[in-house]
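Structure first, then comments.
The values are calculated or read from the model by the stated rules, or taken from the named source; none is laboratory data. Bear in mind the structure is a predicted one, so any value in this text is a computation, not a measurement. As a convention, Cβ positions derive from the backbone with ideal geometry for all residues, glycine included, and neighbour counts pool all protein chains shown.
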Amino acid sequence: MSNGTLLLTGGAGYIGSHACVVLTEAGYRVIVVDDLVNSSATSLDRVRELVPSASLAFHELDLRDTAGLDKIVAAEPIDGVIHFAGLKAVGESVEQPLRYYQVNLGATMSLLDVLTRHNIRRVVFSSSATVYGIPDAVPIDESAPLRCTNPYGRTKLMIEEMLVDLAASDPAWRIALLRYFNPVGAHPSGCIGEDPNGIPNNLMPYVMQVAVGRRAHLTVFGNDYETPDGTGVRDYIHVMDLVEGHLAAIRALDHLTGSHAVNLGTGTGYSVLDMVRAAERASGAEVPYVVGPRRAGDAASSYCDPARAHDLLAWEATRGLDEMCADAWRWQSSNPAGYATP
């Protein structure tokens, strides 16, 4: 029995594909719109293998094609939207700021235009802890100052502000702004996982590529921070916990009105070297590393206060670091070249 129909933008990506599993298992009909710039349609084939009963449709489309998007939405009884789509590499956003503003803001404005036209008012937005910049204190709660240090983060914050303004303009809108900390891991089957294009921007896939032999060593950016071992501390959350947070958010919008910013994290910080050691335990392989200089804009420590997610969404993360690494390794070792693995 269907719980309704959800539109997932960017649903073929890392987090989107895992959300497809959880949402279709929960009885939702899912329609994915993705331009496949940062993703692979193979991920959706794997979702169908994992959930044979899944009601899952796919349209390859750039969200900025407003007319094309309008046709898709007009043909479907859509109850709500989870908006994952967007460019997401911090370093690339510094090098190509205009592209990030054009794609991330343009796609969102096109999407909201279509939703408004079709009277669809439930939105879960994939935001980011980057909106907090370098925090004054940890743990970070949702009332912390918002001050981005790069164009990627600014696009997330600008979209949040768009959605807050929309919710203020019309009480029919019900919007959750989910601020992710650091998603890692993979589905426990090893069938779907993170498959970055080129050199990974994030720590976990890089560490796993070193462990599987695709890369020679990890570079640790700075070991002189005021943290227990001198390396940067972050809040890593298992991708399955994260997407269960989206299921909780879409359900919570049945009774929540207006817009709500919610951190999704564990509330526990781990250092880069903690992650290296956990990856070595999971893989049984050595992860050699060299220490390089600090990166501009990196905080010493960033982890969340997850209390609001518990209170508003009745959700909390349950999977620990060793499970994150074991699942990431199962994916990486089974798919050493990601979805291109023969």
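How many residues are over 20 Å from PHE84 (Cβ atoms) and either within 21 Å of the chain's Cα centre (by Cα) or in contact (Cβ under 8 Å) with a residue 24 or more places away in the chain (or both) if we restrict to the range 148-167?
Going through the range 148-167 one residue at a time, the tally reaches 1.
Quick one: is GLU60 surrounded by fewer than 15 Cβ atoms within 10 Å (Cβ to Cβ) and out of contact with any Pro (no Cβ under 8 Å at 6 or more places or on another chain)? First the steps, then the outcome.
Details: surrounded by fewer than 15 Cβ atoms within 10 Å (Cβ to Cβ): yes; out of contact with any Pro (no Cβ under 8 Å at 6 or more places or on another chain): yes.
Yes: the conditions hold for GLU60.
Could you grab me the full set of residues in the range 303-333 that are over 19 Å from the mean Cα position of the chain (by Cα), touching a residue at least 60 places away in the same chain (Cβ under 8 Å) and exposed (fewer than 14 other Cβ atoms within 10 Å of the Cβ)?
The one that is over 19 Å from the mean Cα position of the chain (by Cα), touching a residue at least 60 places away in the same chain (Cβ under 8 Å) and exposed (fewer than 14 other Cβ atoms within 10 Å of the Cβ): ALA314.
Of the conditions (1) at pLDDT 95 or above; (2) surrounded by fewer than 17 Cβ atoms within 10 Å (Cβ to Cβ); (3) closer than 24 Å to TYR180 by Cα, VAL81 clears all except one; give me its number.
(2)
What are the residues in the range 171-218 that are under 19 Å from SER302 (Cβ atoms) and of a type in the set (Asp, Glu), if any?
Across the range 171-218, there are no qualifying residues.
Quick one: ALA309 ticks every box in (1) among the hydrophobic types (A, V, I, L, M, F, W, C); (2) farther than 14 Å from LEU203 by Cβ; (3) out of contact with any Lys or Arg (no Cβ under 8 Å at 6 or more places or on another chain); (4) assigned to a loop (DSSP other than H, G, I, E, B) bar one, so which box is it?
Only one criterion in (1) among the hydrophobic types (A, V, I, L, M, F, W, C); (2) farther than 14 Å from LEU203 by Cβ; (3) out of contact with any Lys or Arg (no Cβ under 8 Å at 6 or more places or on another chain); (4) assigned to a loop (DSSP other than H, G, I, E, B) is unmet by ALA309, namely (4).
Hey, SER55 hits all of (1) surrounded by fewer than 17 Cβ atoms within 10 Å (Cβ to Cβ); (2) in contact with a strand residue (DSSP E or B) (Cβ under 6 Å, 6 or more places away or on another chain); (3) within 15 Å of TYR14 (Cβ to Cβ) but one; which does it fall short on?
(3)
Hey, VAL138 hits all of (1) buried (at least 21 other Cβ atoms within 10 Å of the Cβ); (2) out of contact with any Cys (no Cβ under 7 Å at 6 or more places or on another chain); (3) among the aliphatic types (A, V, I, L, M) but one; which does it fall short on?
Result: VAL138 passes all but (1).
Name the pairs whose Cβ atoms lie under 6 Å apart, with the first residue in the range 126-147 and aromatic (Phe, Trp, Tyr), the second outside any loop (DSSP other than H, G, I, E, B) and modelled with pLDDT of 95 or more, and 6 or more positions between them or separate chains?
TYR132/ILE140
Check ASP322, ASP327 and return the single one that is charged (D, E, K, R) and under 27 Å from VAL138 (Cα atoms). Spell out how you get there, then give the answer.
Numbers: ASP327 fails: under 27 Å from VAL138 (Cα atoms).
So the residue among ASP322, ASP327 that is charged (D, E, K, R) and under 27 Å from VAL138 (Cα atoms) is ASP322.
I need a count of the residues in the range 292-302 that are among the hydrophobic types (A, V, I, L, M, F, W, C) and surrounded by 15 or more Cβ atoms within 10 Å (Cβ to Cβ).
Result for the range 292-302: 2.
Under 6 Å by Cβ, and 6 or more places apart or on different chains, what pairs join a residue from the range 252-271 that is of a type in the set (Ser, Thr, Tyr) with one that is crowded, with 20+ Cβ neighbours inside 10 Å and assigned to a strand (DSSP E or B)?
THR257/ARG174; SER259/ILE175; THR266/ILE237; TYR270/TYR236; SER271/VAL233
How about the range 1-13: which of its residues are in contact (Cβ under 8 Å) with a residue 60 or more places away in the chain and buried (at least 24 other Cβ atoms within 10 Å of the Cβ)?
LEU6, LEU7, LEU8, THR9, GLY10, GLY11, GLY13
Just a yes or no: is a residue in the range 31-39 surrounded by 19 or more Cβ atoms within 10 Å (Cβ to Cβ), in contact with a helix residue (DSSP H, G or I) (Cβ under 9 Å, 6 or more places away or on another chain) and in a helix (DSSP H, G or I)?
No - not one qualifying residue is present in the range 31-39.
Only residues that are free of Cβ contacts under 8 Å to residues at least 12 places away in the same chain, out of contact with any Pro (no Cβ under 9 Å at 6 or more places or on another chain) and of a type in the set (A, V, I, L, M, F, W, C): list them for the range 64-120, please.
Within the range 64-120, ALA67, ALA75 meet the criteria.
Which members of the range 63-96 meet the condition of being closer than 20 Å to ASN202 by Cβ and either assigned to a strand (DSSP E or B) or under 20 Å from the mean Cα position of the chain (by Cα) (or both)?
PHE84, ALA85, GLY86, LEU87, LYS88, ALA89, VAL90, GLY91, GLU92, SER93, VAL94
Can you go through VAL164, VAL138, VAL131, VAL184 and tell me which one is in contact with a Leu (Cβ under 6 Å, 6 or more places away or on another chain) and β-branched (Val, Ile, Thr)?
The match here is VAL131.
Residues checked against (1) in a helix (DSSP H, G or I); (2) crowded, with 23+ Cβ neighbours inside 10 Å; (3) not basic (Lys, Arg):
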| position | (1), (2), (3) |
| --- | --- |
| ASN119 | no, no, yes |
| PRO145 | no, no, yes |
| THR149 | no, no, yes |
| GLU161 | yes, no, yes |
| ALA168 | yes, no, yes |
| ILE192 | no, yes, yes |
